[in-house]
């Protein structure tokens, strides 16, 4: 829960190549007080069977920018997406195209930010959800 002095963040991942949640993706959370200040790594989590992270660490007071780091390489190498879609390629011509996805965004105190990642082997998209 957010208070008047902090923002809160949540996320989930949908693998659009198979139309299902991306399970077991490690996500790191970092925050800083603004441009020119150092990033503080706060911790992280892994997506559950529904592709959601329900236990990301709280943001410290004074946070104005947040970075979510998604470790997508392990997900694609593990072949989890291929378990659902049998014709999905397990090996890519040049390895995993996006081994990680880093999303940086601005926050204001008292607001909640849900930032979904729509992922496939060769592209991704993010947006501010609700």
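The values are calculated or read from the model by the stated rules, or taken from the named source; none is laboratory data. Bear in mind the structure is a predicted one, so any value in this text is a computation, not a measurement. Virtual Cβ from ideal backbone geometry, glycine too; neighbours counted across all protein chains shown.
Where residues in region 21-39 are within 17 Å of residue 61 (Cβ to Cβ) and surrounded by 14 or more Cβ atoms within 10 Å (Cβ to Cβ), which of them is nearest to the chain's Cα centre (by Cα)?
29
Answer with yes or no whether residue 55 is at pLDDT 95 or above, surrounded by fewer than 17 Cβ atoms within 10 Å (Cβ to Cβ), within 15 Å of the chain's Cα centre (by Cα) and in a loop (DSSP other than H, G, I, E, B).
No.
Among (1) closer than 23 Å to residue 109 by Cα; (2) surrounded by 13 or more Cβ atoms within 10 Å (Cβ to Cβ); (3) more than 13 Å from the chain's Cα centre (by Cα), which single condition is residue 17 missing?
If we test residue 17 against (1) closer than 23 Å to residue 109 by Cα; (2) surrounded by 13 or more Cβ atoms within 10 Å (Cβ to Cβ); (3) more than 13 Å from the chain's Cα centre (by Cα), just (1) comes out false.
Across region 1-30, what is the number of residues that are farther than 13 Å from residue 124 by Cβ and part of a loop (DSSP other than H, G, I, E, B)?
Summing the residues that are farther than 13 Å from residue 124 by Cβ and part of a loop (DSSP other than H, G, I, E, B) in region 1-30 gives 11.
Any idea which of (1) modelled with pLDDT of 95 or more; (2) in contact with a helix residue (DSSP H, G or I) (Cβ under 8 Å, 6 or more places away or on another chain) is the one residue 125 doesn't satisfy?
With respect to (1) modelled with pLDDT of 95 or more; (2) in contact with a helix residue (DSSP H, G or I) (Cβ under 8 Å, 6 or more places away or on another chain), residue 125 is out only on (2).
Looking only at region 20-72, how many residues end up being touching a residue at least 60 places away in the same chain (Cβ under 8 Å) and under 15 Å from residue 115 (Cα atoms)?
Qualifying residue count, region 20-72: 1.
Anything in region 112-130 that is in contact (Cβ under 8 Å) with a residue 60 or more places away in the chain, in a loop (DSSP other than H, G, I, E, B) and farther than 20 Å from residue 39 by Cα? List them, or say none.
Passing the criteria: 116, 121.
Do you know which residues across region 58-87 are modelled with pLDDT under 90, part of a loop (DSSP other than H, G, I, E, B) and farther than 15 Å from residue 14 by Cβ?
Hits for region 58-87 are 79, 86, 87.
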